[in-house]
Amino acid sequence: MSQLPVLVRRVQQTQTEPECAPVVRIQKMIFEEAAALDASDIHIEAAERLTRVRYRVNGALKETREVPRWMHDSLISRIKVLAKLDISERRLPQDGHIQADESGLDVRVSILPSRWGEKAVIRMLRRGRSLLTLTQLGCGVDTEQRLHALVRRPQGMLLVVGPTGSGKTTTLYALINEIRQEPINVVTIEDPVEYEVDRITQVQVHEKAGFTFAKALRSILRQDPDVILVGEIRDAETAATAFHAAMTGHLVLSTVHATDAISALLRVRELGLDRSLVATALIGIVGQRLVRLNCPACAEPEYPRPIYLERLGLSALNPSQLKRSPGCTHCGHSGTSGRAGLYELLEMRGEIRSSAERASESELRNVALGTGMATITQQAVQLVLAGRMSAEEAYRTCYFGGD
């Protein structure tokens, strides 16, 4: 940047004050600015001559601040103190937590040693947020109705999959929101607890103390649950316990690391579970993405790279029909106008269920497409053709082969 932000000038003007004063001010200003932008994360990263502060807003990192390099160590130490971390340890990664304040903001802190100094990534969790309904998710009438039916099944495993930041937890809680007023016992296992919800029991795991997802799940099964939400299936032990629970009279909702619905089915098979158990216990898999939409005020013709068009199946299209938004005052020069969710639902029934044990990925995809499943990529292409999203964004977030 050619000119230092006002914040930095203020800091430089106060170098004669006690060191803690400008550090405290800049830390509070960073947190307040992140909250005002509704950022999900703050990145504080040192370079050779300065420290950059970036905020993740609507899924994209936005570079907003530069802090003088001489302040970096003090700023990181300030954050460590707030998160009750060891300020003398600079060689190893550390993870901490800053308790929610009166605004309902709860903060998770990750510190990582890097080339020019420790990097801090701060996840902003907002307590007291209203739960969305399935309708508010915007998953489409057909998908909404099918999810409404699945979440009322007396038993089975329903998985939600997608990359980090794709809204999986929001979807899980929208499903819980559908049923939490019914006369049932709902228990969640999370790390961390992201929503505080009445009428359900929420359990926080503590890995360092040995209270893992698997151990928490075994304890919960003795608590007479009807519905169990497992924040993430991370290992074979948790998977085995969760799938057996889904076979013995419990509805289990969870996530796994997978690209889309079909790859999630293959991922579960790789966890060492009996394939017949997986095929029987699974009732559905929701794959999802959050995509950035074009700002209508500055949308203009897009001429994307040929590889984008080829992979999205748009190579025969005149590129001038496509739109992108370079940014303007209406969108804060971000080029986006909010985000939309794209959802694909693979229901485990009929030929899909009979193919789940042995079929290859390509075979499963063909069967799923034959049942009429609308993939995430197909939905993204429709947004591109409507001018609501750029081809570059569709390729970046939604193309992962096989569709």
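The values are calculated or read from the model by the stated rules, or taken from the named source; none is laboratory data. For clarity, every value in this text was computed on a predicted model and none was experimentally measured. Here the Cβ positions follow ideal geometry from the backbone for every residue, glycine too, while neighbour counts run over all protein chains shown. Note: areas computed on protein heavy atoms with side chains; ligands, DNA, RNA excluded. Shrake-Rupley method; radii C 1.70, N 1.55, O 1.52, S 1.80 Å.
Take every DSSP beta bridge whose two residues both sit in the chain; close to 65 percent of them are antiparallel.
Taking a ≥ b ≥ c as the square roots of the eigenvalues of the Cα gyration tensor, the range 81-165 is prolate, since a/c reaches 1.5 or more and a/b is larger than b/c. Of Val81, Val53, Val286, the residue with the greatest mean-square motion in the GNM of the chain, using alpha carbon springs below 10 Å, is Val81.
Summarising the amide proton neighbourhood of Leu229: residues at separation of 5 or more, or on other chains, whose placed amide H is nearer than 5 Å comprise Val187, Thr188, Ile189, Leu253.
Based on the Cβ-Cβ distance from Glu392 to Val121, what FRET efficiency comes out when R0 is 25 Å, to the nearest 0.05? That pair, Glu392 with Val121, gives E of 0.45. Looking at [x] 0.94; [y] 1.46; [z] 1.08, which value of Cα Rg over 2.2 N^0.38 Å comes from a calculation on the structure shown? Given [x] 0.94; [y] 1.46; [z] 1.08, the structure-derived one carries the label [z].
Using the 1.4 Å probe convention, the accessible area of the chain works out to 48 Å² per residue with neighbouring protein chains retained. Backbone phi angles across the range 346-363, fed through the Karplus curve with coefficients 6.51, -1.76 and 1.60 (θ = phi - 60°), yield HN-Hα couplings of 9, 8, 8, 7, x, 5, 4, 5, 6, 8, 4, 6, 10, 5, 6, 4, 5, 5 Hz in residue order; Gly and Pro are listed as x. Against the main long axis of the alpha-carbon atoms of the chain, helix 261-270 sits at an angle near 80°. For the residue pairs Lys28/Lys215; Lys119/Lys208; Lys28/Lys84, alpha carbon separations beyond 27 Å are given by Lys28/Lys215.
With contacts taken as Cα pairs under 8 Å at a separation of at least 6 residues, the chain carries a relative contact order of 12 percent.
Using heavy atoms of the protein chains and a probe of 1.4 Å, the accessible area assigned to Ser355 is about 20 Å². Apolar share of the accessible surface for the chain: 48 percent from carbon plus sulfur atoms, 1.4 Å probe.
Each residue of the range 228-243 was assigned a 3J(HN,Hα) from its phi angle through the Karplus expression (A = 6.51, B = -1.76, C = 1.60, θ = phi - 60°), giving 10, 9, 9, x, 7, 8, 9, 8, 5, 5, 5, 4, 4, 5, 5, 5 Hz with x at Gly and Pro. For Gly335, the residues whose amide H sits under 5 Å from its own are Gly327, Cys328, ignoring neighbours fewer than 5 places away on the same chain, with H placed 1.01 Å from N. With a ≥ b ≥ c the root eigenvalues of the C-alpha gyration tensor of the range 66-213, is it rounded (a/c under 1.5), prolate (a/b larger than b/c) or oblate? Prolate is the answer for the range 66-213, as a/c is 1.5 or above and a/b outweighs b/c.
Residues whose amide H lies under 5 Å from that of Lys119, counting only those 5 or more places away or on a different chain, are Leu112, Ser114; hydrogens are built 1.01 Å from N in the peptide plane.
For the chain, modelled as a GNM whose springs connect Cα atoms under 10 angstrom apart, the maximal fluctuation among Gln155, Gln99, Gln288 occurs at Gln99. 3J(HN,Hα) couplings calculated from phi for the range 213-219 with the Karplus curve 6.51 cos²θ - 1.76 cosθ + 1.60 (θ = phi - 60°) are, in sequence order, 4, 5, 5, 4, 5, 4, 5 Hz; Gly and Pro show x.
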